[in-house]
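Novice: Take a look at this one; I'll ask things after.
The values are calculated or read from the model by the stated rules, or taken from the named source; none is laboratory data. For clarity, every value in this text was computed on a predicted model and none was experimentally measured. Positions of Cβ are backbone-derived with ideal geometry, glycine not excepted, and every protein chain shown enters the neighbour counts.
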Ligand code: FAD
């Protein structure tokens, strides 16, 4: 506070807010369609030449960390590997005050520059969401991470940096016999990155997504202010930031809810050839008491070498029957379930599992089991990462599509998409599982379909080098989206990506007005997370 810009904002708040509302509602962000064309995969946009005076202005700041102005290509890359926006500078902050000072400085310069700011967790975004074209990328990895504080009382929690990786939180909390309750499938993601989206995995049916398992945040807003927020204090900012796509502030600390951790997991897979039987069983399990701890599922369409592929580290309950199983070229649906346990209580566990399985209608010969440690299970995708990296296949383009479909239309979705639009899934897994929305807090910024049970469907495709894979997959994704729109399924994108503000408005629906109000309250010049392409940076009125 106290900068000329902040003073201006105070005095002219009402005029500004009116102006801002008109501005954001009428603007389509610069470069809106840059990622929409499949042929864009290698395009890198260089910074604008008139921005050459900006580096010297940043050099006047007193920081614990530093800026870099050269070799910035890393900040123009993400896991999606489809969009590449070169920033003008990368801030390597050491302290929260470095982030706050940089944002205040950008606000101060806002009458003469169009600079924006993107926090970059580890850049696992898909379409440039953690990038800032001709702006400043904040490399959150360099932020000093004080040791995690773990409260081991009646309501256990851990205080962590917004730049912390979930895998590190797992290892640290396990030392106290505790762990977070809600996860993502891959743990080498940052707290700030997943809390800006939702953080959904097979535990969300019971605990809600990661954004519903947070007690408190420390945030640097788009005004440069450092604010602590929770359900009790600055609640509007707290719920705005959770699932807020980085639009209202940069998360620098988070207090995450913990629960008791078990040592081992029993990991089970069974197959179905009828989608409705598969989804009925999934829905039955997510509604049962004393159910599994993790419930997901995936689709296998026209997979070659099926039985050698999908169960590589699993053992059949009945090897003879399993060896006789043939898919007959049908689409198969695999239900995946996990129960956590401590080895001393294996007998109780086996009884519980037997009871739960007896209530299901899978193909009897296709029961496969595995037993691994809790850490091995939660960190399972990292093993695939290591294998793919060794073959140079981790860095390929990833045109992923994630959708949330209301339960009432999931049969229509499956019938229209699996085998019709998507004829095989050789490009990568297709996950599908339901979650109970009743467990989700509807005060966050996250948008979901309006039903008590919703399905997450994730097309996790990789475009292999030297093929027309990227173009083919992106066209297929568009066909899926068109199908959902035409059939009026009420689907919502997760990790959403849109080209126009009208589409964003439709995505948010009745939540749009609140989203815009929060933007004007916490990031009035729209400098934060430009890579989401929701708002265009506003100009300040002098
Ligand atoms: P980034 O990609 O760096 O950032 C994501 C967005 O958040 C950007 O807009 C960025 O500006 C903003 N941001 C980053 N840090 C902060 C911060 N501290 N404060 C405010 N805003 C910030 N998601 C799921 O929900 N469930 C899954 O099971 C799952 N599995 C995945 C598996 C893999 C292999 C990958 C690559 C991704 C997966 N994701 C999953 C998606 C993941 O949640 C997103 O990629 C998310 O963006 C986290 O990545 P990141 O931490 O690198 O953040």
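Novice: Return the only residue of 478, 488, 505 being closer than 29 Å to residue 287 by Cα and either free of Cβ contacts under 8 Å to residues at least 12 places away in the same chain or not in a loop (DSSP other than H, G, I, E, B) (or both).
Specialist: 488
Novice: Given the stretch 292-380, what helices (runs of 4 or more DSSP H) lie entirely inside it while holding 1 or more residues that are buried (at least 16 other Cβ atoms within 10 Å of the Cβ) and modelled with pLDDT of 90 or more?
Specialist: Here the list reads 346-358, 374-378.
Novice: Looking at residue 484 and the list (1) surrounded by fewer than 19 Cβ atoms within 10 Å (Cβ to Cβ); (2) farther than 18 Å from residue 132 by Cα, which single condition is not satisfied?
Specialist: Residue 484 satisfies all of (1) surrounded by fewer than 19 Cβ atoms within 10 Å (Cβ to Cβ); (2) farther than 18 Å from residue 132 by Cα except (1).
Novice: Scan the stretch 427-473 for residues that are in a loop (DSSP other than H, G, I, E, B) and farther than 22 Å from residue 507 by Cβ and jot them down.
Specialist: Answer for the stretch 427-473, where residues must be in a loop (DSSP other than H, G, I, E, B) and farther than 22 Å from residue 507 by Cβ: 427, 428, 429, 462, 463, 464, 465, 466, 467, 468.
Novice: Still on this structure: In the set 119, 89, which member is within 12 Å of the ligand (Cβ to nearest atom) and either at pLDDT 95 or above or touching a strand residue (DSSP E or B) at 6+ places or on another chain (Cβ under 8 Å) (or both)?
Specialist: 119
Novice: Here's something else I'd like to know. Pull up the stretch 135-151, narrow it to residues that are at pLDDT 95 or above and assigned to a loop (DSSP other than H, G, I, E, B), then point me to the one that is nearest to the ligand (Cβ to nearest atom).
Specialist: 143
Novice: On to the next question. So is residue 524 surrounded by 15 or more Cβ atoms within 10 Å (Cβ to Cβ) and either over 21 Å from the mean Cα position of the chain (by Cα) or modelled with pLDDT of 95 or more (or both) or not?
Specialist: So residue 524 passes the test.
Novice: Right, something else. Going by what's in this entry, would residue 400 be described as modelled with pLDDT under 95 and within 16 Å of the ligand (Cβ to nearest atom)?
Specialist: No.
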